[in-house]
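Bear in mind that the values in this text are calculations on the coordinates, not laboratory data. Worth saying up front: this structure is predicted, and the values here are computed from it rather than measured. Quick reminder, even Gly has a Cβ in these numbers, built from the backbone with ideal geometry, and neighbours come from all protein chains shown.
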Amino acid sequence: MKLKLPRPPSPGEVFDKVRESEAWRSIFRPGSVFRKGYKDTQRDRALAAMNNVLYHLHPVKLKRHGLKLTYTFCLGGLSFFLFILLTVTGIYLMFFYRPAAELAAGQAYQDIETIRNSVVFGDMVRNIHRWGAHLMVITVFLHMGRVFYTGAYKPPREFNWVVGVILLLVTLLLAFSGYLLPWDQLSFWAFTVGTSFGQYSPPGIGPEVQFILLGGAEVGGETLLRWYVLHVLALPFVITIFLAVHFWRIRKDGGISGPL
Ligand code: HEM
């Protein structure tokens with residue numbers, strides 16, 4: 001007598017079984033294109049956008065004018081892209097840089113030399129970081145110009161304009177603080193001049209303000225350390241919070257403003 005073996009399941013059937021499992025359904029939320037039963041309907045497309053961690057940042061529906069490239073020139077988007085690029089390249093540089101001024105006669109300067117000459121892709125990553133920073137200052141300024149030119153600062157977007165002004169200030173502070181880190185002649189004198197503006201604070205507190213900015217009476221190891229912490233931690237933290245508010249407000253204010 002011939003033994004009848006059960007037919008092995010096809011790859012499609014195995015995949016269906018996996019998609020029905022509790023583990024799979026716990027990862028892919030309702031509406032996900034990876035869930036069983038996804039249909040290419042308006043409703044499922046909307047759910048797919050709403051329930052995905054990355055897609056949900058975008059609106060489910062757009063006004064047609066919001067897609068016109070020559071209205072925004074994507075300058076805000078470019079500024080954000082550069083911010084991400086600067087974060088990624090900055091983290092790489094942090095593996096090889098120590099903000100130490102006194103140790104071995106300017107460790108910070110020597111670390112930059114090492115990054116430029118010995119670290120794998122070091123010089124390239126450093127230059128992407130440097131050029132990216134210059135570009136971000138330019139794109140943020142141009143973005144602000146575009147918002148002004150198109151009148152996008154008017155109600156209900158006036159609050160987002162104010163958030164934007166803070167973003168501009170933090171962007172400039174990030175650029176300024178990064179300038180000190182190479183610890184070369186340019187950095188030293190730029191900070192000597194830059195922090196001397198502290199003296200022009202309201203009468204009586206000028207020297208104190210300058211002292212806080214420098215961490216001492218003149219540019220030194222303490223100055224480098226405090227501006228380093230500002231550059232890699234405090235300011236990125238602040239800009240991330242304000243960026244989240246900025247993007248949230250764009251959505252709540254009804255998306256991109258319309259053409260005049
Ligand atoms: C780190 C800096 C900034 C980033 C990453 C950023 C990002 C963005 C993005 C992605 C948009 C969507 C439209 C577009 O791409 O143009 C936008 C819109 C907007 N931004 Fe910014 N922004 C920044 C700085 C600023 C500044 C400096 C201002 C003004 C002072 C500003 C005011 C606005 C306003 C009012 C809108 C709404 C525009 C509209 O509805 O047409 N932003 N921003």
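One quarter of the surface of the convex hull around the alpha-carbon atoms of the stretch 72-149 equals 5.8 nm², the direction-averaged projected area. Between Trp24 and Phe148, residue separation times 0.36 nm minus the direct Cα-Cα distance comes to 39.9 nm. What the Cβ-Cβ distance of His58 and Phe81 gives, at R0 = 22 Å and to the nearest 0.05, is a FRET efficiency of 0.90.
Restricting the calculation to Cα atoms, the chain yields a radius of gyration followed by a Dmax of 26.0, 106 Å.
Under a Gaussian network description of the chain, with springs only between Cα atoms under 10 Å, the residue in Val88, Val53, Val209 that fluctuates furthest is Val53.
For the stretch 220-229, putting each phi into the Karplus relation 6.51 cos²θ - 1.76 cosθ + 1.60 with θ = phi - 60° gives couplings of x, x, 5, 4, 4, 4, 5, 6, 5, 4 Hz, in residue order, rounded to whole numbers and with x for Gly and Pro. Here the label points at Trp189 and Leu5, each 7 Å from Cα along the C-beta direction, are separated by 8.3 nm in the simple model. Spatially, the stretch 42-111 and the stretch 133-173 are offset by 16 Å when compared through their Cα centroids. Which residue fluctuates the most in the chain, going by a Gaussian network model with Cα springs under 10 Å, if the choices are Val18, Val137, Val193? Most flexible of the set in this elastic network: Val18.
Counted over the stretch 70-109 with a bin width of 5 Å, the fraction of Cα pairs per bin, in whole percents, is 6, 21, 14, 13, 12, 11, 8, 7, 5, 2, 1.
Using a Gaussian network model of the chain in which every pair of alpha carbons under 10 angstrom is joined by a spring, one finds that among Ile112, Ile239, Ile84 the greatest mean-square fluctuation is at Ile84.
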